[in-house]
1. Among the residues in the stretch 77-91, are any touching a Cys at 6+ places or on another chain (Cβ under 6 Å) and assigned to a helix (DSSP H, G or I)?
2. Looking at the stretch 246-255, is at least one residue touching a residue at least 24 places away in the same chain (Cβ under 8 Å) and more than 21 Å from the chain's Cα centre (by Cα)?
3. Suppose we filter the stretch 9-54 for residues that are closer than 19 Å to Ile268 by Cα and of a type in the set (Ser, Thr, Tyr); how many remain?
4. Can you confirm whether Lys213 is open to solvent by 60 Å² or more (accessible area, probe 1.4 Å), within 16 Å of the ligand (Cβ to nearest atom) and in a loop (DSSP other than H, G, I, E, B)?
5. Kindly provide the set of residues from the stretch 250-273 that are modelled with pLDDT of 95 or more, of a type in the set (A, V, I, L, M, F, W, C) and open to solvent by less than 10 Å² (accessible area, probe 1.4 Å), ordered by number.
6. Show me the strands (runs of 3 or more DSSP E) found entirely inside the stretch 1-67 where at least 1 residues are away from the ligand (no atom under 14 Å from the Cβ) and buried (at least 19 other Cβ atoms within 10 Å of the Cβ).
7. Filter the stretch 304-318 for residues that are within 16 Å of the ligand (Cβ to nearest atom) and closer than 18 Å to Val133 by Cα; which is surrounded by the fewest Cβ atoms within 10 Å (Cβ to Cβ)?
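The values are calculated or read from the model by the stated rules, or taken from the named source; none is laboratory data. Because the structure is a prediction, the values reported are computed rather than measured. As a convention, Cβ positions derive from the backbone with ideal geometry for all residues, glycine included, and neighbour counts pool all protein chains shown. SASA here: full protein model, heavy atoms, side chains in, ligands and nucleic acids out. Shrake-Rupley method; radii C 1.70, N 1.55, O 1.52, S 1.80 Å.
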Amino acid sequence: MSFKILGTGSCLPQRVVSNEELSEFLDTSDEWITQRVGITERRVCTTETTTDIAVGAAKGALEMSGTTPDELDMILCATVSADHAAPSLACSVQAMLGATCPAMDINAACSGFIYMLEAAAGFFAIGYKRILVIGAERLTRVVDWTDRSTAVIFADGAGAMVLGPGKSYISSKLVAKGGDTVLSIPSFEGQSPFYKNKSLKPYVHMNGQEVFKFAVNAMCTDLADVIEAAGLTIEDIAWIVPHQANARIIDAAVRKFNIQPERCLKNIETTGNTSAASVAILADELCRSGKLKDGDYIAMAAFGAGLTSAACVIRWEE
Ligand code: COA
């Protein structure tokens, strides 16, 4: 049950929104956001749909891998902010790419991209040959723009990989604690005259401190477990690709593993938290940086609503 990464891609919307710009309509400041979260600016969709940025990322990954859309035999998308509840984001992407393969979405919140890699490994085990996996989010659609504790964190973006048969996916771990009290995005309740429950607004609801505690513990435990399961030690890992939720969560992992900070990658300063897209965007940046060497071990880790968390070790093969 493994695969090889054949290509990566990413796509961010054009519009850059700085902390100063948010401070014009929220009771916040560049100093607070920079110090408490580590973000200075983020990308925000103005005309782009979730499908548009997902397709942008997919095209980059297809090009790098030398794959044409008709060669794909599965498209998987991880998202919590697709343009539609139905059809899936994957089906919208399939149509825009002109592919003909099956397509479906996976929702494990910010852990979704790594959950999706595990699902892809299962498809390879039963004979699939080319799978396009995409993490894409338009979270600015689901944040409450009057809530300073969440509006400053979440952003838009997409990352993708084209996977083929191989032995790069070495070890993995998926976790779900269950529950919706700490972090949730309630669905639009609709207008049924028969439904009597009081509904929450369909925006991000988050207990930041609870998520923070879960995140630090989950990321450190999951990374240690997948590295051990791969028969490796932290010294063997060339690059850690962590979910970009808060720079302080990433710094806590650096301290825990006592590694050089430059090996634990960070782009939150300019991308913000893009949920299921976050690790895929970072992996594409790493891939295109020229820093990756054949045989490098990459450890990815993510966490989010659910509460879910996930980690994996991948060996880079050129
Ligand atoms: N600007 C200025 N002040 C803000 C603010 C903002 N954007 N957001 C919150 N505050 C205020 C709070 O109101 C509070 O004020 P008070 O002391 O007067 O009550 C103060 O800052 C401290 O709030 P607190 O919630 O304790 O801050 P924090 O240090 O825990 O940081 C988060 C808040 C959300 C940044 C932090 O908890 C976090 O990153 N949690 C994890 C979130 C996450 O990873 N979510 C995604 C999971 S995928």
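1. Of all residues in the stretch 77-91, those touching a Cys at 6+ places or on another chain (Cβ under 6 Å) come to 89-90.
From what is left, the residues that are assigned to a helix (DSSP H, G or I) are 89-90.
Scanning the stretch 77-91 turns up at least one residue that is touching a Cys at 6+ places or on another chain (Cβ under 6 Å) and assigned to a helix (DSSP H, G or I).
2. no
3. The qualifying residues number 7.
4. Judged against the criteria, Lys213 is not a match.
5. Ile250, Cys264, Ile268
6. 4-11, 41-44
7. The selected residue is Ala310.
Condition check ((1) open to solvent by less than 10 Å² (accessible area, probe 1.4 Å); (2) small (Gly, Ala, Ser); (3) under 18 Å from Thr140 (Cα atoms)) across all residues:
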residue	(1), (2), (3)
Cys77	yes, no, no
Ala86	no, yes, no
Gln94	no, no, no
Phe113	yes, no, no
